[in-house]
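Right, one structure below, let's go through it.
Every number in this text was worked out from the coordinates using simple rules, so none of it is lab data. Here the structure is a predicted model, which means the values were calculated and not measured. Every residue, glycine among them, receives a Cβ derived from its backbone with ideal geometry; neighbour counts consider all protein chains shown.
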Amino acid sequence: MKGRISVLALAALLLSGCGQSTTDPGAGPVTIDYWMWDTNQQPQYQACADAFTKANPDYKVKITQYGWSDYWSTLTAAFVSGTAPDVFTSHLSNYPQFAAQGQLLPIDDLVARDKIDLSLYQDGLADLWVAKDGKRYGLPKDFDTVALIYNKQKLKEAGIDPKELDDLRWNPQDGGTYEKLIARLTVDENGKRGDEPGFDKKHVATYGLGLNSSGSGSGQTEWSMYAMSNGWAYGDRNPWPTTLNYADPRFKETIKWFTSLIDKGYMPSMSIVTSGVAQMDAYGAGKYAMVTEGSWNTKAYWALKGVESGLAPTPVGPTGKRASLFNGLADNISATTDNPDAAWAWMKFLASPACQTDIVADHGVIFPAIKQATVRAEKAFAKQGIDVKPFTMHVEQGTTHLALIADRWADVSAVMTETMDAIFSFKAPVDSLDQANEKVNALLG
Amino acid sequence: MSISHPSVRLAGSPGRRRRRSDLLPALVFVLPAAAGFTVFYLWPAIRGLYLSLTSYNVFTPPRFVGLDNYDRLLSDHLFWNALKVTAEYVLINIGVQTVAALLLAVLMHRLTRSLVVRGVLLLPFLVANVIVALVWFWMLDFQIGIVNQMLDWLGLERVAFFGDPDLAIPTIALVNTWRHLGYTALLIFAGLQMIPPAVYEAAAIDGASERQMFFRVTLPLLRPVMALVLVLTVIGSFQVFDTVAVTTNGGPINATRVIYYYIFDMAFNRFSFGYAAALSSVLFVLLAGIAYIQLRLTRAGETDLA
């Protein structure tokens, strides 16, 4: 008899383990599951969540943060297993795939019903979240641009006035004043600078310009600002391009120039870049005099100990203009959410001035999507001693280019990572982009 | 509730012979493992085999495509590259690990019974894989890693251990060897303790040197244990994933795109679950074949201690 009892007990255990996921209705407030990836931004959205609950005592928000590198695979697994969050921070590169699979809740009716004013946001941001099916899936929460971050001490040692950085010019032939600056800031182990005779490019102590990666197909903070200031665009149109332009001569000459910085010893090689710590850590250790970075990372750079940093705009290119990608995040609602009303209420709040202008802007970490909030965010940054004009000037001067939204971006990315890594490591010629471009165009087909 | 079915039938017929009554508790003890095996291994394996014949992105129902995925696999340079780098990883990892672990185990066996030594040897294994990987990743950084700092002080050239395509796989293989060495040594050490001391005494009386004892007594008698250790570590070694996932992400270029990482990438980042299932099926066949060959070659079921 003993055997039978234990089998029954086991069965009972198995059963009890399986069936207790339903929550008691009417017991306390509804909890909204919210996911995000950036730890730097968690405090400000927690503050928004607190304000939201205060205004709507029926709703509570539980924020979960996952690192960027596992965020999308974790989210995919959650969608498959039915444990997806109600609302989550989303990215332009990733949302089309989820939208195409019917995993996101369209919000057109809700936007119309609640008369959300889409002109509140920086121009173009709201429409980035209308997918290929013509339905809207998100409301903008922030925008970002790219600028140079430099080490003040390194500039001083090189005898360079930070003001010189306001008028940098770049061209793909000789790199212009921008390359001259990078060369000047590069120092080898014997103290010789990159523009001095006898410079040893094999033993560099400080690189004039840091490198994050080969940039794959986007190059957002790596090379997009040069390529676009050279008149290049990612695709024949945006969003939903039918062909991509990685074989364009303007792109190729940009990449040829950019990778030549590695060859000249002004920028670290790919094997150095991928050998361990991230760009920010190497910069913090004084290994890079300047880096190109996205606005969302500003505060993290200012938190580095032992380095005093400044911001400068990216250089003016052959078009006579600067260029920066204009990217923005938004929140999406899962199609499978148990409580669409609660999810929408929270999303609406995140997209409202009450959250973006009154809370997020004042934290001075990112730029909210709402136009009026920019000035307030600039002030919040200024209070921390950061002049963010090099980021916001792109918006004022109209030198922003909306980030690319394309089908099958993950597959495009896989091809481009392989190709760009090989080019940046000098294992493949720049002309290998021709073949890669055919491959990615076939994917879009 | 089909799992309780067999035991109910057996328990319902009293007055069996002794052998039969042993069967019942035996089944009860096996049941949890069998249930776990069925639910978490057997069923997913069968379903994976089916999915490998489909085009499937998890969100829409799978569409049967026959052998298309296997056809694609044959001409996928990344699949062949994955096999190549995985094999390179396994060879270095298992080669170094097995020899070093055997030496360590014999040293422990012949020189010390100290629990402290055994504990220290096991220490790296007690640290989570991801943490081991990240700590080494940072220590080996070209510019600010402490290892390269030391190379610099010694007047040697710095080395991009994880960043150089030629060194990335050996580096990852040796980092994992470092972590698993103590554990493997302990497994072998346990095997050593099963060899009766009388054999060594007899060898000593016959005037055998320590070296001769190792090659003529220890190694032959250790064969079944070594076979088991090899089968387990080789299969585990083929499944290298987390170290790659937190350090190189398959790079530089494709130098560390090992088969498990490629499967994961295909499935969870690129939604090609059908193709990923085909890759997994091929890996399954490969591993089963390797395990079979190993067991045959090492006659793992037999012992020379008769």
Normalised per residue, the volume of the convex hull around the Cα set of the stretch B:74-218 (Å³)
172 Å³
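Which whole DSSP H helices in chain B pass both tests: a Cα extent of 18 Å or more along the axis and a mean Kyte-Doolittle value no lower than 0.0? Can you show the working numbers first?
Values: long enough: B:18-37 (28 Å, 0.75); B:77-111 (50 Å, 1.18); B:168-192 (34 Å, 1.15); B:219-238 (27 Å, 2.05); B:273-298 (37 Å, 1.58).
Taking the DSSP H segments of chain B (at least 18 Å long, mean hydropathy at least 0.0), we get B:18-37, B:77-111, B:168-192, B:219-238, B:273-298.
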May I ask for log10 I(q)/I(0) of the stretch A:366-442 at q = 0.21, 0.24, 0.25 Å⁻¹, from a Debye sum over the Cα atoms as equal point scatterers with solvent left out?
-0.86, -1.02, -1.08
Neighbour net charge for residue A:247 - beta-carbon separation under 9 angstrom, K R +1, D E -1:
-3
C-alpha long axis of helix A:68-81 to longest principal axis of chain A, angle in °
30 degrees
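For the stretch B:152-254, what is the per residue volume of the convex hull drawn over the alpha-carbon atoms, in cubic angstrom? Provide the component values of the computation, followed by the final result.
On the way: hull volume 16.0 nm³, N = 103.
Taking only Cα atoms, the stretch B:152-254 has a hull volume of 156 Å³ per residue.
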Hey, can you grab everything whose amide H is under 5 Å from the amide H of residue A:61? Only 5+ residues off in sequence or another chain; H modelled, so Pro and N-termini drop out.
A:32
Among the trypsin sites (Lys or Arg not before Pro) in the stretch A:244-333, which ones are in a DSSP loop with at most 13 other Cβ atoms within 10 Å of the Cβ? Mind listing them?
A:305
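Let me know the charge dipole size of the stretch B:68-298 about its Cα centre in debye, to the nearest 20, where only the beta-carbon of Lys, Arg (+1) and Asp, Glu (-1) is charged.
Values: 13 positive and 14 negative charges, 130 e Å.
Rounded to the nearest 20 debye, it is 620 debye.
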Normalised contact order of chain B, rounded percent, pairs of Cα under 8 Å and 6 or more residues apart
27 percent
Calculate how steeply helix A:373-383 sits against the longest principal axis of the alpha-carbon atoms of chain A, using the helix alpha-carbon long axis, and give the answer as 0 to 90 degrees to the nearest 10.
60 degrees
Over chain B: helical MRE at 222 nm, DSSP H runs n ≥ 4 each giving -39500 (n - 2.57), nearest 500:
-21000 deg cm²/dmol
How large is log10 I(q)/I(0) at q = 0.07, 0.08, 0.09 Å⁻¹ when the Debye formula is applied to the Cα atoms of the protein assembly as shown, each weighted equally and without solvent?
-0.63, -0.81, -0.99
Report, for the protein assembly as shown, the % of DSSP beta bridges that are antiparallel, rounded to 5.
65 percent
proj_area_mean for the stretch A:166-224 (convex hull on C-alpha atoms), units nm², value 5.0 nm²
For chain B, list log₁₀ I(q)/I(0) at each q in 0.11 Å⁻¹, using the Debye formula over Cα point scatterers of equal strength and ignoring solvent, two decimals each.
-0.92
Given the options B:38, B:218, B:184, state which has the largest fluctuation in a GNM of chain B using a 10 Å cut-off (strictly under) for Cα springs.
B:38
Relative contact order of chain A, please, whole-number percent, based on alpha carbon pairs below 8 angstrom and at least 6 residues apart.
23 percent
What fraction, in whole percent, of alpha-carbon pairs in chain A exceed 33 Å separation?
40 percent
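In whole angstrom, how long is each semi-axis of the equivalent ellipsoid of the stretch A:274-334, when you take the square root of 5 times every eigenvalue of its Cα gyration tensor and sort them from largest down?
Details: eigenvalues 113, 86, 29 Å².
Semi-axes (√(5λ), whole Å): 24, 21, 12.
Rounded to the nearest 20 debye, what is the charge dipole size of the protein assembly as shown about its Cα centre when +1 sits on each Lys and Arg Cβ and -1 on each Asp and Glu Cβ? Can you show the working numbers first?
Numbers: 63 positive and 68 negative charges, 540 e Å.
Using Cβ point charges on Lys, Arg, Asp and Glu, the protein assembly as shown gives about 2600 debye.
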Angle, helix A:340-350 long axis vs. longest principal axis of chain A, Cα atoms, 0 to 90°, nearest 10?
30 degrees
In whole angstrom, how far apart do the alpha carbon centroids of the stretch A:383-445 and the stretch B:105-160 sit?
38 Å
Amide H neighbours of residue A:205 at under 5 Å, excluding residues fewer than 5 places away on the same chain, with H built from the backbone geometry, are A:187, A:188, A:189
For a quick check: with amide H placed at 1.01 Å from N, whose amide H comes under 5 Å from residue A:330's, ignoring anything fewer than 5 positions away on the same chain?
A:90, A:141
In this structure, among A:180/A:383; A:54/A:132; A:152/A:192; A:115/A:299; A:156/A:383, pairs with alpha-carbon gaps over 30 Å are A:180/A:383; A:54/A:132; A:115/A:299
DSSP-assigned coil residues among trypsin sites (Lys or Arg not before Pro) in the stretch A:380-445, each with at most 15 further Cβ atoms within 10 Å:
A:427
Please return the longest range in chain B lying between exposed loop sites, taking GluC sites (Glu not before Pro), DSSP loop only, at most 16 other beta-carbon atoms within 10 Å, and leaving the sites out.
B:1-156
Total formal charge among the other residues, if their Cβ is under 13 angstrom from that of residue A:189, Lys/Arg +1 and Asp/Glu -1:
+2
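Hand me the trypsin sites (Lys or Arg not before Pro) from the stretch A:105-136 located in a DSSP loop with no more than 14 other Cβ atoms within 10 Å, in residue order please.
Numbers: sites: A:113, A:115, A:132, A:135, A:136; in loops: A:115, A:132, A:135.
Passing both the DSSP loop test and the Cβ count: A:115, A:132.
Mean residue ellipticity at 222 nm from the helices of chain A, using -39,500 (n - 2.57) per DSSP H segment of n ≥ 4 over the full residue count, to the nearest 500 deg cm²/dmol?
Details: 17 runs with 168 residues, N = 445.
Helices in chain A give a 222 nm mean residue ellipticity of -11000 deg cm²/dmol.
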